[in-house]
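Contents: one structure, followed by commentary.
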Amino acid sequence: VKEFGDPSVLKVAKIAIPKPKAGQVLVKTLAAGVNPVDTYIRAGKYARLPTLPYTPGAEACGVIHEIGPDVKDLKVGDKVWQKGSITGTCAQYNVCTAQDAIKLHDKITSTAGAGISIAYRTAYRALMQTGQARPGCNVFVHGASGGVGLAAVQIARAYGMRVIGTASTEKGRNLIQKNGCHVALDHSQTDRKAYLEQLVKATDGKGADVIIEMLANKNLNFDMGAVARRGKIVVVGNRGEIDNVNCRMLMMREASVVGCMIAGSTEEEEAEAISAISGGLASGALSPVVGETFPLEDAPAAHVEVIEHKHGSAGKIVLCPFSGEAE
Ligand SMILES: NC(=O)c1ccc[n+]([C@@H]2O[C@H](COP(=O)([O-])OP(=O)(O)OC[C@H]3O[C@@H](n4cnc5c(N)ncnc54)[C@H](OP(=O)(O)O)[C@@H]3O)[C@@H](O)[C@H]2O)c1
């Protein structure tokens, strides 16, 4: 990306393969996850922007190609998932710190491995750390068919929670049920009263103890009517401002609205999340869902899809820099 702007500013360019320094590794990128935040940054509409030119992407799956000095626990040929990148993951090769490259469990494919980091770390943080959800509680994942939503559904189900999720399409609702939702609702329905009744019924009249909210600017008022007594509405996603918020329901229920940022984790919280995710991936309780894959040249189309989801979300959007090499 040489200038901030619409998806057409994403251009494939030949540049030198970067060299890993001390404590760093060079990864051959088999698949890179595409996230909504990549589009906010590309458009130049994000609080922290990279220096131009830059290569997008902060998560991936690949094979260690070269090791910098002072790297101990990784070797050339190890397959890893990445939770960060110094040079950007939407490229055939990228450099990251050794701590950001985590060995991938054998049974996870490269395309699935590319979508672990942001979705599962955010979902774990929102549900377990910010939301303090506990086994047996009612969790409402408002926007369950995308990357973070499906991860939240799988984690909540693995911890023995009752999970209600939403998607705007039948395909999405089938997918979220397959991934652990006890009840799947449609967030696109216009009759909000009927929608609320469905949610209340799904929680045996109690409301949701924890709501994981993907679009707070649209749903905050609804969530205040759907939250249980002393429940929490955890804001993960927001794309605009809200008029006419009535906090009365919040007050009556002594409920709270709390924001959640993946970057807000302490080192201890981050380590806890990685342990939980690694355990879940190894046991099979967690299994990343790939929605659509694109070759690197089609990065502009991938950026359009991750925002528009014209046919509804169905998991992660992934870019594959080497055609035919990512399974
Ligand atoms: N706070 C953080 O640290 C953090 C980290 C990662 C992501 N995020 C944000 O969290 C949001 C979700 O990320 P993602 O990666 O899961 O995105 P995604 O894969 O694009 O998924 C978006 C989800 O939102 C749903 N949605 C669309 N309209 C909705 C509505 N009116 N009400 C409820 N849900 C609706 C979509 O469902 P349908 O397509 O079926 O309509 C889909 O399930 C994004 O805004 C992203 O920027 C925040």
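The values are calculated or read from the model by the stated rules, or taken from the named source; none is laboratory data. Since the structure is predicted, the reported quantities are computational estimates derived from the model, not experimental observations. Heads up, the Cβs are rebuilt from the backbone with ideal geometry, glycines too, and the neighbour counts pull from every protein chain shown.
Remark: pairs (first residue in the range 276-301, assigned by TED's automatic domain parsing to the domain that holds residue 39; second residue at pLDDT below 95; Cβ separation under 6 Å; 6+ apart in sequence or on different chains) = 295/323.
Residue-level check: of (1) away from the ligand (no atom under 16 Å from the Cβ); (2) assigned to a loop (DSSP other than H, G, I, E, B), residue 200 misses just (2). Every condition in (1) surrounded by fewer than 21 Cβ atoms within 10 Å (Cβ to Cβ); (2) in contact (Cβ under 8 Å) with a residue 60 or more places away in the chain; (3) under 24 Å from residue 300 (Cβ atoms) is met by residue 49 except one, and the failing one is (2). Residues in the range 135-148 that are within 16 Å of the ligand (Cβ to nearest atom) and more than 9 Å from the chain's Cα centre (by Cα): 139, 140, 141, 142, 143, 144, 145. Tell me, yes or no, whether the range 168-181 has at least one residue that is at positive phi and either away from the ligand (no atom under 14 Å from the Cβ) or part of a strand (DSSP E or B) (or both). Looking through the range 168-181, at least one residue is at positive phi and either away from the ligand (no atom under 14 Å from the Cβ) or part of a strand (DSSP E or B) (or both). All of 312, 291 fail the test of being outside any helix (DSSP H, G or I), in contact with a helix residue (DSSP H, G or I) (Cβ under 7 Å, 6 or more places away or on another chain) and of a type outside the set (Phe, Trp, Tyr), apart from 312.
Suppose we filter the range 205-224 for residues that are in a loop (DSSP other than H, G, I, E, B) and touching a residue at least 40 places away in the same chain (Cβ under 8 Å); how many remain?
Residues flagged as in a loop (DSSP other than H, G, I, E, B) and touching a residue at least 40 places away in the same chain (Cβ under 8 Å) within the range 205-224 amount to 4.
Mind checking whether some residue in the range 278-288 is farther than 20 Å from residue 56 by Cβ, loosely packed, with under 15 Cβ neighbours inside 10 Å and within 11 Å of the ligand (Cβ to nearest atom)? No, the range 278-288 contains no residue that is farther than 20 Å from residue 56 by Cβ, loosely packed, with under 15 Cβ neighbours inside 10 Å and within 11 Å of the ligand (Cβ to nearest atom). Could you tell me whether any residue of the range 240-252 is of a type in the set (A, V, I, L, M, F, W, C), surrounded by 15 or more Cβ atoms within 10 Å (Cβ to Cβ) and not assigned by TED's automatic domain parsing to the domain that holds residue 57? The answer is yes; a qualifying residue exists.
Each row is one residue, and each column tells you yes or no for (1) within 16 Å of the ligand (Cβ to nearest atom); (2) among the polar types (S, T, N, Q); (3) buried (at least 16 other Cβ atoms within 10 Å of the Cβ).
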position: 64; (1), (2), (3): no, no, yes
position: 89; (1), (2), (3): yes, yes, yes
position: 106; (1), (2), (3): no, no, no
position: 133; (1), (2), (3): no, no, yes
position: 150; (1), (2), (3): yes, no, yes
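Is it the case that the range 3-15 has a residue that's within 13 Å of the ligand (Cβ to nearest atom), of a type in the set (Phe, Trp, Tyr) and on the phi < 0 side of the Ramachandran plot? No, the conditions are met nowhere in the range 3-15. Please determine whether any residue of the range 239-250 is out of contact with any Lys or Arg (no Cβ under 9 Å at 6 or more places or on another chain), away from the ligand (no atom under 16 Å from the Cβ), assigned to a helix (DSSP H, G or I) and not aliphatic (A, V, I, L, M). Yes, the conditions are met somewhere in the range 239-250.
Of the residues making up the range 260-319, just one is in contact with a strand residue (DSSP E or B) (Cβ under 7 Å, 6 or more places away or on another chain) and basic (Lys, Arg), namely 316.
The one condition from (1) within 17 Å of residue 152 (Cβ to Cβ); (2) more than 20 Å from the chain's Cα centre (by Cα) that residue 224 does not meet is (1).
Listed conditions (1) assigned to a helix (DSSP H, G or I); (2) modelled with pLDDT under 95 are all met by residue 297, apart from (2).
Residues that are of a type in the set (Ser, Thr, Tyr), within 13 Å of the ligand (Cβ to nearest atom) and buried (at least 16 other Cβ atoms within 10 Å of the Cβ) do occur in the range 155-167.
Residues checked against (1) within 12 Å of the ligand (Cβ to nearest atom); (2) closer than 15 Å to residue 59 by Cβ; (3) loosely packed, with under 14 Cβ neighbours inside 10 Å:
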| site | (1), (2), (3) |
| --- | --- |
| 254 | no, no, yes |
| 261 | yes, no, yes |
| 267 | no, no, yes |
| 302 | yes, yes, no |
| 312 | yes, no, no |
| 322 | no, no, no |
| 325 | no, no, no |
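The strands (runs of 3 or more DSSP E) found wholly in the range 22-118 and carrying at least 2 residues that are under 18 Å from the mean Cα position of the chain (by Cα) occupy 24-34, 60-67, 79-82, 101-103.
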